[in-house]
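Asks: Got a structure here, written out as structure tokens. Questions coming.
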Amino acid sequence: MTLYHTATYRHRGRHRYSADAGPPTTDPLFGAGVRAASGWVQHDGARVDLGFWTVALRLPRLVGGTFKLAWDAGRWVLPFALAANVLAGATAAVLLLAANQALTELLSGPPTRTQLIAALPELLTVAAAGAIRSVLSSAGRAASGRLEPRVDRLAYTRLLERAIRVELAVLQDAEFHNLLAAAHRGALSARQVTAGIVGLAEAAAGLIASATVLAVLHPLLLPLLIAVVLPPAWGAVRAARARFMSFKRWTELNRQLEMLSDLLTSPSAAEEVRAHQTGDFLLGHYRRLSELAEREQARLATREAGTLLVADGAAGVARVATYGTLGLLLATGAVPLAVAGTAVLAVRTGTQSLTSLVTAMNDLYEDGLFVRDWQHACERAEAEAMRSGSVQLANPPKHIEARNLTFGYPNAMQPALQGIDVVVRQGEVVALVGDNGSGKSTLAKLLVGLYLPTEGQVLWDGCPTGELNRASMFQNVALVSQGFVQWPFTTRVNVTIGRPTRPPLPDVLAEAARFGRADEVIDRLAQGWDTLLAREFWGGTELSGGQWQRIGLARAHFRNAQVVIFDEPTAALDPRTEIEVFDRVRRLADDGRSVVLVTHRLASVRCADRIYVLADGQMVEHGTHGALMTLDGRYADLYRLQMRQHESTT
């Protein structure tokens with residue numbers, strides 16, 4: 001097994017600060033600032049550096065993946081929504097041509113009843129086309145509204161399906177976390193892209209319809225439309241650039257303000273804020289950053305207003321020139337009055353369609369970048385899926401052995417473990433001890449298949465873990481760690497989630513609760529087993545660290561696995577409860593289970609059948625407690641030191 005190389009998966013072409021944004025400034029609190037390192041907002045405002053045609057050329061590739069996702073989510077719903085909106089936009093041609101015929105009849109002479117009757121079919125056609133357009137637009141919106149939540153659900157589900165199967169070691173990679181954060185935004189953006197595609201189709205159809213009608217009426221009218229719609233298009237692109245640049249700068253400051261606000265009101269920071277009197281200090285910086293955010297928004301809002309003023313001015317000049325040319329054509333008899341009136345309607349319709357088109361393209365481009373991150377995350381997760389062998393584990397292991405074991409985390413300069421040999425037999429308690437960072441927890445996860453070795457082997461009854469079906473391995477493993485998950489569910493679910501398929505029979509639950517004395521905690525809860533263990537929800541309650549650890553021990557017991565990993569399981573327990581828990585851990589081994597105990601508290605490992613002492617990722621000593629004390633090496637020094645500390649505090 002080789003180390004994972006994540007650089008090849010890094011998203012190329014990510015937006016960087018433009019010249020307009022200026023160089024990052026140094027903040028006295030945040031240094032370069034709290035920027036979008038997590039990937040959630042890394043593409044916000046990404047189109048501000050790009051022109052209209054650049055966006056148009058890149059757009060098909062960006063939205064192509066969403067097309068496939070929408071097809072999988074709704075099959076024919078997306079084509080129906082597109083068809084309905086395209087036809088709705090195309091009805092503009094029918095409306096304009098019918099309006100032209102009606103104007104021709106009405107303006108053929110002085111108004112008479114005969115002219116009105118002659119124009120009635122065209123007027124009815126205009127009304128019918130308008131009604132059909134409304135029906136088609138409504139049908140398209142209904143189909144799109146039905147499809148969007150399906151796309152949202154499917155995108156999130158596909159991402160989560162792949163994420164839960166990723167190798168555990170890959171989750172230590174910061175770049176993969178960034179990609180997952182962007183992918184969560186990408187799943188949401190897929191829904192927005194789906195809606196944007198439908199809107200874009202209608203706007204494009206409306207613009208093409210207007211241009212086609214003008215070309216049919218008179219060849220010179222099409223250039224007039226182009227002359228009128230180009231300034232608004234330029235203005236829309238420039239205005240979008242200003243808006244998103246303003247949003248980008250404001251977001252960076254606002255993220256810092258939110259962080260300060262959370263620190264000022266968070267219960268976790270409340271004690272130190274008051275005891276160290278840091279409240280005024282933080283509040284002063286909050287006011288400073290608030291003023292910066294206000295000035296930033298005002299400055300860029302002024303710039304946006306200037307851009308819009310120039311765009312409107314250019315559009316006004318284009319309209320004057322266009323209508324002047326139209327008037328000249330009318331005066332010379334090149335076009336009749338009815339055609340001129342229709343041309344005015346077509347220009348207005350085309351301008352509105354183009355504005356919608358430009359806005360939709362800008363939004364689709366940025367959302368498409370996030371959808372592409374979602375695609376990259378899914379591909380990366382598939383590539384990094386947990387490798388599993390074909391050998392099914394028929395029985396719980398009686399002998400687990402590590403031989404010359406070496407393991408390195410992704411992109412790490414040095415291996416976390418090197419040349420490790422360990423033996424764990426059925427019915428034994430094996431302790432792994434050592435300083436922080438010595439590799440104890442990593443070794444425990446390797447022994448049960450949560451990691452696969454970089455070099456060497458971990459053998460279950462002689463079979464390498466890389467050849468075993470890992471799902472069948474995990475069926476025999478229970479894990480209790482210091483940082484175990486505190487599920488925001490009921491007490492019953494927090495215990496039974498250790499093995500969700502096992503029936504939660506009352507006697508089984510009671511036995512699990514007694515292990516680690518979780519029954520004492522549950523008896524004090526208002527709703528007992530049905531108490532919600534999440535204070536942030538209505539009716540929920542909060543447990544202390546020690547109480548949660550008792551729930552975690554009950555969860556491990558309910559899982560009823562043959563190989564049990566205890567990784568600092570009693571760190572938050574009082575000494576008396578800790579002694580009782582270790583006595584019960586010993587009884588687990590006596591019942592035939594294999595127990596791996598990871599701990600700093602050496603007084604609790606004296607009952608272990610074998611103790612392995614790690615330092616800097618290497619095995620430095622191993623043996624029983626008595627043998628290691630006789631050796632008078634690292635273990636003996638640490639043990640005597642802890643005993644002296646304990647005696648001095650009692």
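Asks: As an exercise: evaluate residue 259 against (1) of a type outside the set (S, T, N, Q); (2) closer than 30 Å to residue 209 by Cα; (3) outside the structural domain of residue 192 (by TED's automatic domain parsing); (4) in contact (Cβ under 8 Å) with a residue 40 or more places away in the chain and give the number of the one condition it does not meet.
Replies: Of (1) of a type outside the set (S, T, N, Q); (2) closer than 30 Å to residue 209 by Cα; (3) outside the structural domain of residue 192 (by TED's automatic domain parsing); (4) in contact (Cβ under 8 Å) with a residue 40 or more places away in the chain, only one is false for residue 259: (2).
Asks: Take the conditions more than 30 Å from residue 258 (Cα to Cα), buried (at least 19 other Cβ atoms within 10 Å of the Cβ) and not hydroxyl-bearing (Ser, Thr, Tyr) and apply them to residue 340. Does it pass?
Replies: Working: more than 30 Å from residue 258 (Cα to Cα): yes; buried (at least 19 other Cβ atoms within 10 Å of the Cβ): yes; not hydroxyl-bearing (Ser, Thr, Tyr): yes.
Yes; evaluated as a whole, the condition is true for this residue.
The rows are residues; the columns are (1) touching a residue at least 40 places away in the same chain (Cβ under 8 Å); (2) of a type in the set (Ser, Thr, Tyr).
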| position | (1), (2) |
| --- | --- |
| 126 | no, no |
| 142 | no, no |
| 165 | yes, no |
| 209 | yes, no |
| 212 | yes, yes |
| 215 | no, no |
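Asks: When you scan the stretch 400-417, do you find a residue that is more than 18 Å from residue 457 (Cβ to Cβ), touching a strand residue (DSSP E or B) at 6+ places or on another chain (Cβ under 8 Å) and either not β-branched (Val, Ile, Thr) or not in a strand (DSSP E or B) (or both), even just one?
Replies: Within the stretch 400-417, the first condition is being more than 18 Å from residue 457 (Cβ to Cβ), and the residues that meet it are 409-414.
This time we only want the ones that are touching a strand residue (DSSP E or B) at 6+ places or on another chain (Cβ under 8 Å), so: none.
For the stretch 400-417, residues more than 18 Å from residue 457 (Cβ to Cβ), touching a strand residue (DSSP E or B) at 6+ places or on another chain (Cβ under 8 Å) and either not β-branched (Val, Ile, Thr) or not in a strand (DSSP E or B) (or both): absent.
Asks: To continue, here is another question. Just for the stretch 587-635: of the residues that are touching a strand residue (DSSP E or B) at 6+ places or on another chain (Cβ under 6 Å) and either in a loop (DSSP other than H, G, I, E, B) or of a type in the set (D, E, K, R) (or both), which one is farthest from residue 518 (Cα to Cα)?
Replies: If we take residues in the stretch 587-635 being touching a strand residue (DSSP E or B) at 6+ places or on another chain (Cβ under 6 Å) and either in a loop (DSSP other than H, G, I, E, B) or of a type in the set (D, E, K, R) (or both), then 633 is farthest from residue 518 (Cα to Cα).
Asks: I'd like the full set of residues that are of a type outside the set (Gly, Ala, Ser), in a helix (DSSP H, G or I) and more than 13 Å from residue 385 (Cβ to Cβ), limited to the stretch 165-182.
Replies: Restricting attention to the stretch 165-182, the residues satisfying the condition of being of a type outside the set (Gly, Ala, Ser) are 165-168, 170-173, 175-180.
Still in the running and in a helix (DSSP H, G or I): 168, 170-172, 175-180.
Passing the criteria: 172, 175, 177, 178, 179, 180.
Asks: With respect to residue 162, is the statement that it is modelled with pLDDT of 85 or more, touching a strand residue (DSSP E or B) at 6+ places or on another chain (Cβ under 8 Å) and either part of a helix (DSSP H, G or I) or surrounded by fewer than 18 Cβ atoms within 10 Å (Cβ to Cβ) (or both) true?
Replies: Values: modelled with pLDDT of 85 or more: yes; touching a strand residue (DSSP E or B) at 6+ places or on another chain (Cβ under 8 Å): yes; either part of a helix (DSSP H, G or I) or surrounded by fewer than 18 Cβ atoms within 10 Å (Cβ to Cβ) (or both): yes.
Against the criterion (modelled with pLDDT of 85 or more, touching a strand residue (DSSP E or B) at 6+ places or on another chain (Cβ under 8 Å) and either part of a helix (DSSP H, G or I) or surrounded by fewer than 18 Cβ atoms within 10 Å (Cβ to Cβ) (or both)), residue 162 qualifies.
Asks: Considering the stretch 480-508 alone, what residues qualify as being polar (S, T, N, Q) and surrounded by fewer than 12 Cβ atoms within 10 Å (Cβ to Cβ)? Explain how you work it out, then say what you get.
Replies: Narrowing the stretch 480-508 to residues polar (S, T, N, Q): 481-482, 486, 490-491, 494, 496, 501.
The one that is polar (S, T, N, Q) and surrounded by fewer than 12 Cβ atoms within 10 Å (Cβ to Cβ): 501.
Asks: Check 191, 185, 153, 133 and return the single one that is among the basic types (Lys, Arg), more than 21 Å from residue 366 (Cα to Cα), assigned by TED's automatic domain parsing to the domain that holds residue 370 and part of a helix (DSSP H, G or I). Steps first, please.
Replies: Working: 191 fails: more than 21 Å from residue 366 (Cα to Cα); 185 fails: more than 21 Å from residue 366 (Cα to Cα); 153 fails: more than 21 Å from residue 366 (Cα to Cα).
Step by step, each of 191, 185, 153, 133 is checked, and only 133 is among the basic types (Lys, Arg), more than 21 Å from residue 366 (Cα to Cα), assigned by TED's automatic domain parsing to the domain that holds residue 370 and part of a helix (DSSP H, G or I).
Asks: Oh, and also: With respect to residue 289, determine if the residue is at pLDDT 80 or above, in a helix (DSSP H, G or I) and within 29 Å of the chain's Cα centre (by Cα).
Replies: On the way: at pLDDT 80 or above: yes; in a helix (DSSP H, G or I): yes; within 29 Å of the chain's Cα centre (by Cα): yes.
So residue 289 fits the description; yes.
Asks: List every residue pair whose Cβ atoms sit under 8 Å apart, with the two residues 6 or more apart in sequence or on different chains, where the first one lies in the stretch 409-438 and is within 19 Å of residue 450 (Cα to Cα) and outside the structural domain of residue 173 (by TED's automatic domain parsing) and the second, anywhere, is exposed (fewer than 14 other Cβ atoms within 10 Å of the Cβ) and at pLDDT below 90.
Replies: Listed pairs, sorted by first residue: 410/5; 411/5.
Asks: Further, regarding this structure: Identify all residues within the stretch 294-316 that are among the aliphatic types (A, V, I, L, M) and free of Cβ contacts under 8 Å to residues at least 24 places away in the same chain; write none if there are none. So that I can check it myself, show each step before the final result.
Replies: Going residue by residue through the stretch 294-316, those that are among the aliphatic types (A, V, I, L, M) are 298, 300-301, 305, 308-311, 314-315.
Correct list: 298, 305, 309.
Asks: Return yes when residue 219 is in a loop (DSSP other than H, G, I, E, B) and either within 30 Å of residue 74 (Cβ to Cβ) or of a type outside the set (A, V, I, L, M, F, W, C) (or both) and no when it is not.
Replies: On the way: in a loop (DSSP other than H, G, I, E, B): yes; either within 30 Å of residue 74 (Cβ to Cβ) or of a type outside the set (A, V, I, L, M, F, W, C) (or both): yes.
Against the criterion (in a loop (DSSP other than H, G, I, E, B) and either within 30 Å of residue 74 (Cβ to Cβ) or of a type outside the set (A, V, I, L, M, F, W, C) (or both)), residue 219 qualifies.
Asks: For the stretch 382-398, how many residues are closer than 30 Å to residue 159 by Cα and of a type outside the set (A, V, I, L, M, F, W, C)?
Replies: First, pick out the residues of the stretch 382-398 that are closer than 30 Å to residue 159 by Cα: 382-393.
Checking the rest, the ones that are also of a type outside the set (A, V, I, L, M, F, W, C) come to 382, 384, 387-390, 392.
Looking only at that region, the number is 7.
Asks: Test residue 144 against the stated conditions and say whether it is crowded, with 18+ Cβ neighbours inside 10 Å, assigned by TED's automatic domain parsing to the domain that holds residue 374 and in a helix (DSSP H, G or I). Show your work before the answer.
Replies: Numbers: crowded, with 18+ Cβ neighbours inside 10 Å: yes; assigned by TED's automatic domain parsing to the domain that holds residue 374: yes; in a helix (DSSP H, G or I): yes.
When the stated conditions are applied, residue 144 passes them.
Asks: While we're on this one: Among the residues of the stretch 575-607, how many are among the charged types (D, E, K, R) and crowded, with 21+ Cβ neighbours inside 10 Å?
Replies: 1
Asks: For the stretch 431-455, how many residues meet the condition of being part of a strand (DSSP E or B) and closer than 23 Å to residue 468 by Cα? Before you say what the answer is, go through the steps one by one.
Replies: From the stretch 431-455, those part of a strand (DSSP E or B) are 431-434, 455; that's our starting set.
Remaining after also requiring closer than 23 Å to residue 468 by Cα: 455.
Residues that pass the stated criteria total 1.
Asks: Any idea which of (1) buried (at least 17 other Cβ atoms within 10 Å of the Cβ); (2) of a type outside the set (Phe, Trp, Tyr); (3) farther than 24 Å from residue 584 by Cα is the one residue 610 doesn't satisfy?
Replies: Single failed check for residue 610: (3).
Asks: Next up: Pick out the one residue from 541, 531 that is surrounded by fewer than 19 Cβ atoms within 10 Å (Cβ to Cβ), farther than 25 Å from residue 580 by Cα and not aromatic (Phe, Trp, Tyr).
Replies: Numbers: 531 fails: surrounded by fewer than 19 Cβ atoms within 10 Å (Cβ to Cβ).
Selected residue: 541, the only one of 541, 531 that is surrounded by fewer than 19 Cβ atoms within 10 Å (Cβ to Cβ), farther than 25 Å from residue 580 by Cα and not aromatic (Phe, Trp, Tyr).
Asks: Moving on. What about residue 277, is it closer than 30 Å to residue 30 by Cα and part of a loop (DSSP other than H, G, I, E, B)? Write out each step before concluding.
Replies: Values: closer than 30 Å to residue 30 by Cα: yes; part of a loop (DSSP other than H, G, I, E, B): yes.
In short, yes.
Asks: Of the residues 228, 237, 193, 198, which single one is under 30 Å from residue 306 (Cβ atoms), crowded, with 20+ Cβ neighbours inside 10 Å and either modelled with pLDDT of 75 or more or touching a Lys or Arg at 6+ places or on another chain (Cβ under 8 Å) (or both)?
Replies: Numbers: 237 fails: either modelled with pLDDT of 75 or more or touching a Lys or Arg at 6+ places or on another chain (Cβ under 8 Å) (or both); 193 fails: under 30 Å from residue 306 (Cβ atoms); 198 fails: under 30 Å from residue 306 (Cβ atoms).
When all the criteria are applied, what remains is 228.
Asks: Test residue 466 against the stated conditions and say whether it is outside the structural domain of residue 168 (by TED's automatic domain parsing) and assigned to a loop (DSSP other than H, G, I, E, B). Step through it out loud before you land on a result.
Replies: Values: outside the structural domain of residue 168 (by TED's automatic domain parsing): yes; assigned to a loop (DSSP other than H, G, I, E, B): yes.
Answer is yes for this residue.
Asks: In the stretch 518-560, how many are part of a loop (DSSP other than H, G, I, E, B), under 19 Å from residue 483 (Cα atoms) and in contact (Cβ under 8 Å) with a residue 60 or more places away in the chain?
Replies: Selection size over the stretch 518-560: 0.
Asks: Also: Return the residues of the stretch 217-228 that are touching a residue at least 60 places away in the same chain (Cβ under 8 Å) and of a type in the set (A, V, I, L, M); say none if nothing qualifies. I'd like the intermediate steps shown before the answer.
Replies: Kept after step one, since they are touching a residue at least 60 places away in the same chain (Cβ under 8 Å), are these residues of the stretch 217-228: 217-218, 220-221, 224-225, 227-228.
Scanning the stretch 217-228 gives 217, 220, 221, 224, 225, 227, 228.
The values are calculated or read from the model by the stated rules, or taken from the named source; none is laboratory data. No experiment lies behind these values; they were computed from the predicted model shown. Cβ sites come from the backbone with ideal geometry, for glycine too, and all protein chains shown count toward neighbours.
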